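K.L.:
Mind having a look at this structure? Questions to follow.
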Amino acid sequence: MRIIRKTTSAALQSILRVIPFIFMLTMLILHLILPDKTFSEDEMRYLTQWPAFRVERILDGNYKTKVETYFSDQFPFRIFWVHIKKGCNRSANFA
């Protein structure tokens with residue numbers, strides 16, 4: 001009986017260790033497959049597009065900031081995650 005519990009526990013731990021990796025891999029694939037959006041109707045603003053490459057921007061650190069903003073704006077199912085965060089904040093009375 002104990003052997004079965006240990007085996008089941010070890011298998012469950014292995015599965016739980018793999019889930020975050022699968023999630024990140026799925027989000028990466030979705031990011032590469034889904035087209036970029038230009039406008040967010042929920043936020044009423046234009047979303048950042050991939051920045052033009054310039055050596056000057058890399059040297060002054062501006063390019064990195066623009067790429068981070070791009071990934072933040074073009075994250076797969078971004079509006080879903082924004083609504084989840086708003087709901088969590090509301091339920092925790094952080095509104």
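Each value in this text was obtained by applying a stated rule to the coordinates, not by laboratory testing. All figures in this text were calculated on a predicted structure; none of them were measured in a lab. As a convention, Cβ positions derive from the backbone with ideal geometry for all residues, glycine included, and neighbour counts pool all protein chains shown.
K.L.:
Net charge near L47, counting Lys/Arg +1 and Asp/Glu -1 over other residues with Cβ under 13 Å of its Cβ? Could you put the intermediate results ahead of the total?
P.N.:
On the way: positive: K37, R45, K66, R78; negative: D36, E41, D42, E43, D73.
Summing Lys/Arg as +1 and Asp/Glu as -1 gives -1.
K.L.:
Divide by every residue of the chain the summed helix terms, -39500 (n - 2.57) for each DSSP H run of at least 4, and state the resulting mean residue ellipticity at 222 nm, rounded to the nearest 500 deg cm²/dmol. Write out the running numbers ahead of the final one.
P.N.:
Working: 4 runs with 64 residues, N = 95.
Mean residue ellipticity, 222 nm, calculated: -22500 deg cm²/dmol.
K.L.:
Okay, moving on. Read phi for every residue in the stretch 36-50 and hand back ³J(HN,Hα) as whole Hz from Karplus 6.51 cos²θ - 1.76 cosθ + 1.60, θ = phi - 60°, with x for Gly and Pro.
P.N.:
Computed from phi, the couplings for the stretch 36-50 are 5, 9, 9, 9, 9, 5, 5, 9, 6, 8, 7, 8, 5, 9, 4 Hz.
K.L.:
For the chain, find the longest principal axis of its Cα atoms and tell me its angle to the long axis of helix 2-33, 0 to 90°, nearest 10.
P.N.:
Its long axis makes an angle of about 20 degrees.
K.L.:
Semi-axes of the stretch 1-83's equivalent ellipsoid from the Cα gyration tensor, sqrt of 5 times each eigenvalue, largest first, rounded to whole Å? Each step should come with its number before you reach the end.
P.N.:
On the way: eigenvalues 313, 63, 19 Å².
Over the Cα atoms of the stretch 1-83, the ellipsoid semi-axes are 40, 18, 10 Å.
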